[in-house]
1. Could you list all residues from region 185-203 that are open to solvent by less than 20 Å² (accessible area, probe 1.4 Å) and of a type in the set (A, V, I, L, M, F, W, C)?
2. Right, Arg241: open to solvent by 20 Å² or more (accessible area, probe 1.4 Å) and in contact with a Gly (Cβ under 9 Å, 6 or more places away or on another chain) or not?
3. Please find, within region 86-109, the residue that is nearest to the chain's Cα centre (by Cα) out of those that are of a type in the set (Ser, Thr, Tyr) and in a helix (DSSP H, G or I).
4. Can you name the residue in region 65-85 that is in contact with a Phe, Trp or Tyr (Cβ under 7 Å, 6 or more places away or on another chain) and in a loop (DSSP other than H, G, I, E, B) and is also nearest to Ser145 (Cα to Cα) among such residues?
5. Please verify whether Thr82 is open to solvent by 60 Å² or more (accessible area, probe 1.4 Å) and modelled with pLDDT under 85, treating the condition exactly as stated.
6. Taking only pairs six or more apart or across chains, which ones have beta-carbon atoms under 9 Å, a first residue in region 209-236 that is part of a helix (DSSP H, G or I), and a second residue that is surrounded by fewer than 17 Cβ atoms within 10 Å (Cβ to Cβ) and of a type in the set (Phe, Trp, Tyr)?
7. Cβ contacts < 6 Å: first residue open to solvent by 10 Å² or more (accessible area, probe 1.4 Å), restricted to region 47-68; second residue at pLDDT below 95 and among the aliphatic types (A, V, I, L, M), any location; separation 6+ or different chain. Result?
8. Taking region 286-309 as the search range and keeping residues that are over 21 Å from Glu164 (Cα atoms) and open to solvent by 90 Å² or more (accessible area, probe 1.4 Å), which one is modelled with the lowest pLDDT?
Amino acid sequence: MSSPTGPAPGLPVRMPRPRQPGRHRRPEPAAAPAGAPPLVLAVPGLPDTATRLLAEEVLSIARSELPGLDARIGYVDADGSTEGYPSLESVLAYAAAQRTARAREAGAEDGAADAWDQWPPAIVVPLLAGPDNALLRRIRQSVMSSGSAAELTDALGPHPLLAEALHVRLSEAGLARADRARLFTVATAADGIILATVGGEESVQAAGISGMLLSARLAVPVLAAALDVEGDIARAADQLRGSGSRNLALAPGLIGPEIAEGVADAAAKEADCAAAAPLGAYPAIGKLVLAKYAEVLGIPVQPAQSPAR
């Protein structure tokens, strides 16, 4: 189980990839700077085993991209009553106390305590594909309640890597071609995509950017709609059908924990179409989490897109 200090012993941890030989080898990843604050992943939704495993896989990907990264999980909706699911507030309070103690030790040893003041005690990255003001307010409140001066980043998207992840999830469900460069057909391929999100109008607007990129990849129309706005998914389906699309698909522009189980499937049923899986722990999610963290530190970690499909 997880704890405020990170995953418990015995859980698998993704190790950095070995350096490949040859002229075209990938450059060695940068290492986390000495004294860098922990990355705290703020995970929404009710804590359960599936959510914990997803979050740990996302952080495992981030660690593989930045050796030495101190990455921890804080659950936004944890109430402290379930062992192994520490609340975001408690994780941040612990990280702040730990950093203060280490700064004192460094100062006592060599007068270098000031070096610990260049960064916040923790950097909080929300596990959200797009802006959700209600959830972000709750995360911000947890940061304030912890008494920590932790810094909160924006949500992960919009970003081109999310369009790539959406494409992959659709292709895995047999709802889109895996690669436009290959001349094969998919009998069930959709000719119109509903990009489902949560967080109201602002989230829909942000998802629309990923939707345009996805539309360019698939050469089919894509409309963003909110799962938490009544009738929005059905309206998007009607609009796509009104413009000539007949075989629709719903692509959840969500990582997973943001919504209750079954909500996306119910929306797909309402729109009378098939649905792809949420983004989950697709590698791009871990890379975007790390990119948000690295941006605060000012270190050069840029998530790379896969070759164009």
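1. Scanning region 185-203 gives Ala190, Ile193, Ile194, Leu195, Ala196, Val198.
2. For Arg241, the condition - open to solvent by 20 Å² or more (accessible area, probe 1.4 Å) and in contact with a Gly (Cβ under 9 Å, 6 or more places away or on another chain) - is met.
3. Step one: filter region 86-109 for residues of a type in the set (Ser, Thr, Tyr), giving 87, 90, 94, 100.
With in a helix (DSSP H, G or I) added as a condition, the list becomes 90, 94, 100.
Numbers: Ser90: 21, Tyr94: 23, Thr100: 29 Å.
Here the residue is Ser90.
4. Filtering region 65-85 for residues that are in contact with a Phe, Trp or Tyr (Cβ under 7 Å, 6 or more places away or on another chain) and in a loop (DSSP other than H, G, I, E, B), the one nearest to Ser145 (Cα to Cα) comes out as Ala78.
5. Yes.
6. Pairs found: none.
7. Hits for this filter: Pro47/Ala78; Pro67/Ala31; Gly68/Ala31; Gly68/Ala32.
8. Residue satisfying both the conditions and the ranking: Pro300.
The values are calculated or read from the model by the stated rules, or taken from the named source; none is laboratory data. Predicted model, so just to flag it, every value in this text is computed and none were measured. As a convention, Cβ positions derive from the backbone with ideal geometry for all residues, glycine included, and neighbour counts pool all protein chains shown. Each accessible area value is taken on the protein alone, full model and side chains, heavy atoms only, with ligands, DNA and RNA left out. Shrake-Rupley method; radii C 1.70, N 1.55, O 1.52, S 1.80 Å.
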